[in-house]
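Peer 1: My questions will all concern the structure given below.
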Amino acid sequence: MSDASKTDSGPDVARKRSLNTANMAMGLRHPQGPVATLLVAAGLTWSAFQLWVASPLPELLGVLVFNETRIRSLHLAFAVLLAFLAYPARRSADAGTVPVHDVVLAVLAALGAGYLALFYASVSAHTGDPTDFEVAAAAVGLGLLLEAARRVLGLPMVMMALALLGYIFLGQWMPDLIAHKGASFGRTMSHMWLTTEGVFGVALGVSAGLIFLFVLFGALLETAGAGSYFIRSAVALLGHMRGGPAKAAVVASAATGLISGSSITNVVTTGPLTIPLIKRVGYPAEKAAAIEVAASVNGQVMPPVMGAAAFLMVEYVGVPYVQVLKHALISAMVSYLGLLYIVHLEAVKADLRGLPRRHSPHWQRSLKNFALGFLGIALVLAVVSVIGTVVHAVLPNLSFMVMAGLLLVAYVVLLRMSLPHAGETLPADAPITSLPEFAPTLRSGMHFLLPVGALVWNLVIEQLSPTRAAFWATLFLAFIVLTQRPLMAWFRGDRKVTDAAWEGMQDLVDGLAAGARNMITVAIATATAGIIVGTVTLTGIGLVMTELVTALSGGNIIVMLALVAMICLVLGMGLPTTANYIVVSSLMAPVIVNIGAQNGLFVPLIAAHLFVFYFGLMADITPPVGLASYAAASIALANPMRTGIIAFRYSMRMALLPFMFVLNPKLLLIGVDGIGHTLITLASATLAGFAFISVNQGWLLIRSTTTERLLMLASVFMLFHPGLFMDPLNTPYHQLNGTAAEAAILDAPDRTQMRVLLSGTTLEGEQVERGILLPLGAPAATAISRLANSGIDATLVDEGFTVRGVDFGSQADKLGIEAGFRIIAVEVPGDRFAREWMFVPALLLLAWVARRQRQRRDTVRSMPHTN
């Protein structure tokens, strides 16, 4: 805690005894007086509503129980209300006042968005046959949503939505390749506004059910002081190394990735502190800004939040939340470790140093402080993980209550331990001129780790739903925000505990209001993105995109992936992370799966979604619209175009990784069994990432020659995709039919993904024959039961299996399997040498390059220097 946490005396006491809501900023407006209070009250009400619907209280009490559709409707009603009140129609407008016409628009927009909640029974009674009044209400609501999106998100999102609405109405006049029969105005409005296929679809449902809680969690962490704590701990840990502040910026962005749901927010949160630090140790302004951009965009691929995309993937891919985190883990780690390596190489090439220490301690003292700091982290993690697992095993029915009590005790103990070091946690924008002491800095806020640990414990050990897990973690964090000031005052023996308690209450109000403020952008973005999703379901444009990319790529897998990547870069320009993912996944993820299947590449659905997610994020970097690059350049006083170009170069490993995990799903831990195999996969991927960076930077131990770079590039592909070299030597898979296929499905390992060949006719009358990777789930007594675990109701015939039906929302449904399809064969791995043997020549190549460079470096060092 900072000195600001100490209570004041005198005339300020009366002010602190009443909650100060009059000066809180909401959006771009900073009104005063009653209008400010109204804005904050709306934000607090929104936060309270979201906490209520996420809690177990509605079910327990039977009071104010809302169904999913009503929750989405009210969620958007709060968002558009605050959007019109908090964001002016023009950036040049007076930020201190709210015009009457904006108040009128805010009320109309809220009523339009809340129409489904208010008249749910009436709308449900005649679904698909809307009245004229309902069509008019939908048109007004949709128009005001687009205006809210223009104010909050800018024109790119609105222009895309308008273009797709135009495509719906003008479909019959489009060129043959993209033409469709079109839809009437009434049908379009009904589809977009009065059903859960458009605006109020899955994306807004995830925003209302999950994203809000995690954004609120992040806002409360920031209010509590965790943001500053994470940044300063990273600087204390790495600041003394070569290019240390830049490495600290990378680590800090990884930590704030837990808090922020936007790469641009990451830049403006950590950038004002880290960019001046990076420049101070010798990096040019453009490189300092580019490092922050690359680190901040990386924050969006970092589990457990992933810019809120993780929660959307749960719905779109149909896998549990923990599975999404597992699949995303290696690529995120490779991205972050790779960026640290880039920063290190830049520092070595420029011979840069780190921050000066406050003093030169003996190595024993340094080791002791470092060890104590890590032991403190280990203690926190042990309380949350090891003790939590034991308690759950011994007292399964009481584990939640027991662990809640233990976490409260741990909070009080850690807060008391932090008292001597409270001054280490300074405001986030306070300049750092020398290296902070690591152990004191770390111990000054270890209690901030407890809510994060509680979240993971609820998800992994207690197996709670993500919504319920986030609710309890947020409630625990709110308790910390409310009590840390008065407890610190009490530990100090300060008599002004009451005033500290009022400050804690003010912090809680600030955090709840900030959570609502931060959610305006996300809620408006997910609602507007629902127009894109609704267009896909209404017009079948997804099939059009598949045909277009197929025609342009000629069936070549690499060309197809490159085309999808470029389209994602264009689609993602100017969009916030959440909306970005919704757009690119709705339009382009099915393209990868379908075209891959047509050309013998079985792409897991999660791999396709992560591919488009990565390249959608790259739009935040890439000129000319890379908004994160513009934000960082403005902080660094650098050229934004040059910043974007350098940041794109620093992020090239993020452009290579998606290609590799589509071609080699083991990088997503698909088909990886056991700890040993997992560690080999992680080590090889990390080494491949480092080698690719050395090729890109032209430097390993010293400047690389062209031959050395080519050899390292060959080793990159050997490590990332060994099948590229091994598969031509040995047939990787054998095809099985009939009883052999039945036995293979029955004997497949637990929760494996089976290569399945399908044939049949789609509902549109198209004859298809393609392959998929079908998750089989847990073992079963028969092959038919095993298929049922994946959502397939099948019957066994002479030609294989015939699909009689598919469970809605199941893995099979999301993979495009339809009733009437036949499973004609399955493919199983053949008997051959393991692909991982290709790692041996890759390591030999890298060792040869390293040995050659070491000899050249030693020769240069031994040469006499002349003045």
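Peer 1: List, in order, the whole-Hz ³J(HN,Hα) value for each residue of segment 472-485 obtained from phi through the Karplus relation with A = 6.51, B = -1.76, C = 1.60 and θ = phi - 60°; use x for Gly and Pro.
Peer 2: Working through the residues one at a time gives 5, 5, 5, 4, 4, 5, 4, 4, 5, 4, 6, 10, 5, 5 Hz.
Peer 1: Taking neighbour Cβ counts within 10 Å as the exposure measure, how do Asp129, Asp94 sort from fewest upward?
Peer 2: Asp129, Asp94
Peer 1: Moving on. So what are the ³J(HN,Hα) numbers for segment 642-653, from phi and the Karplus equation (6.51, -1.76, 1.60; θ = phi - 60°), rounded to whole Hz, Gly and Pro as x?
Peer 2: My calculation for segment 642-653 gives 5, 4, x, 5, 5, 4, 5, 5, 5, 9, 4, 5 Hz in order.
Peer 1: Please report the equivalent ellipsoid semi-axes of segment 497-562, computed as sqrt(5 x eigenvalue) of the Cα gyration tensor, largest first, in whole Å.
Peer 2: In descending order the semi-axes read 50, 16, 5 Å.
Peer 1: I've got another one for you. Where does the longest stretch of the chain lie that holds no GluC sites (Glu not before Pro) found in a DSSP loop with 11 or fewer other Cβ atoms within 10 Å?
Peer 2: Here the longest run is 1-763.
Peer 1: Counting other C-beta atoms within 10 Å, which of Val140, Val695, Val413 has the fewest, and how do the rest follow?
Peer 2: Fewest-to-most ranking of Val140, Val695, Val413: Val413, Val140, Val695.
Peer 1: May I pose another question? What is the set of long-range amide H partners of Met754 at a cut-off below 5 Å, with H atoms built 1.01 Å from backbone N?
Peer 2: Under 5 Å from the amide H of Met754 lie the amide H atoms of Leu774, Leu776, each far enough along the sequence or on another chain.
Peer 1: Based on other C-beta atoms within 10 Å, arrange Thr705, Thr483, Thr739, Thr528 from fewest to most.
Peer 2: Thr739, Thr705, Thr483, Thr528
Peer 1: Then there is this: Calculate the translational D of segment 733-831 in whole µm² s⁻¹ from Stokes-Einstein, where the hydrodynamic radius comes from the Kirkwood formula applied to all Cα pairs, the temperature is 10 °C and the viscosity 1.306 mPa s.
Peer 2: 120
Peer 1: Restricting to DSSP loop positions (anything but H, G, I, E, B) with no more than 16 other Cβ atoms inside 10 Å of their own Cβ, which chymotrypsin sites (Phe, Trp or Tyr not before Pro) remain in segment 766-867?
Peer 2: Phe808, Phe833
Peer 1: While we're looking at this one, here's another question. Measure up Lys181/Lys814; Lys247/Lys349; Lys247/Lys666; Lys247/Lys326 against 21 Å on the Cα-Cα distance and list the ones that go over.
Peer 2: As for pairs spanning more than 21 Å Cα to Cα, those are Lys181/Lys814; Lys247/Lys666; Lys247/Lys326.
Peer 1: Could you run the Karplus curve 6.51 cos²θ - 1.76 cosθ + 1.60 with θ = phi - 60° over segment 283-297 and give me ³J(HN,Hα) per residue in whole Hz, x for Gly and Pro?
Peer 2: With coefficients 6.51, -1.76 and 1.60, one gets 6, x, 4, 5, 5, 4, 5, 5, 4, 5, 4, 4, 5, 6, 5 Hz.
Peer 1: Also: Give the label of the value calculated from the structure for Rg and Dmax of the Cα atoms in Å, choosing from (1) 29.4, 89; (2) 35.3, 162; (3) 28.0, 90.
Peer 2: Calculated Rg and Dmax of the Cα atoms in Å: the matching label is (3).
Peer 1: For segment 62-168, state which trypsin sites (Lys or Arg not before Pro) are in a DSSP loop and have at most 16 other beta carbons lying within 10 Å of their beta carbon.
Peer 2: Arg90, Arg91
Peer 1: Can you list the residues, at least 5 places off or on another chain, whose amide H is less than 5 Å from the amide H of Phe801, using H built in the peptide plane?
Peer 2: Long-range HN contacts for Phe801: Ile823.
Peer 1: Taking the Cβ of Ala819 as the center, what net charge do the other residues with Cβ under 13 Å away carry, scoring Lys and Arg +1 and Asp and Glu -1?
Peer 2: Net of charged neighbours comes to -2.
Peer 1: Which cross-chain or sequence-distant (5 or more) residues have an amide H under 5 Å from the amide H of Met174, H modelled 1.01 Å from N in plane?
Peer 2: His180
Peer 1: Can you give the calculated 222 nm mean residue ellipticity of the chain, where each DSSP H run of n ≥ 4 adds -39,500 (n - 2.57) and the sum is split over every residue, rounded to the nearest 500 deg cm²/dmol?
Peer 2: That calculation yields -21000 deg cm²/dmol at 222 nm.
Peer 1: A further question on this structure: Would you mind classifying segment 29-177 by shape? Square roots of the alpha carbon gyration tensor eigenvalues, ordered a ≥ b ≥ c; an a/c under 1.5 is rounded, otherwise it is prolate if a/b is larger than b/c and oblate if not.
Peer 2: Because a/c hits 1.5 or more and a/b fails to exceed b/c, segment 29-177 counts as oblate.
Read-outs throughout are calculated quantities, based only on the coordinates presented, and are distinct from any laboratory measurement. Bear in mind the structure is a predicted one, so any value in this text is a computation, not a measurement. Please note: Cβ atoms are built from the backbone with ideal geometry, for glycine as well, and neighbour counts cover all protein chains shown.
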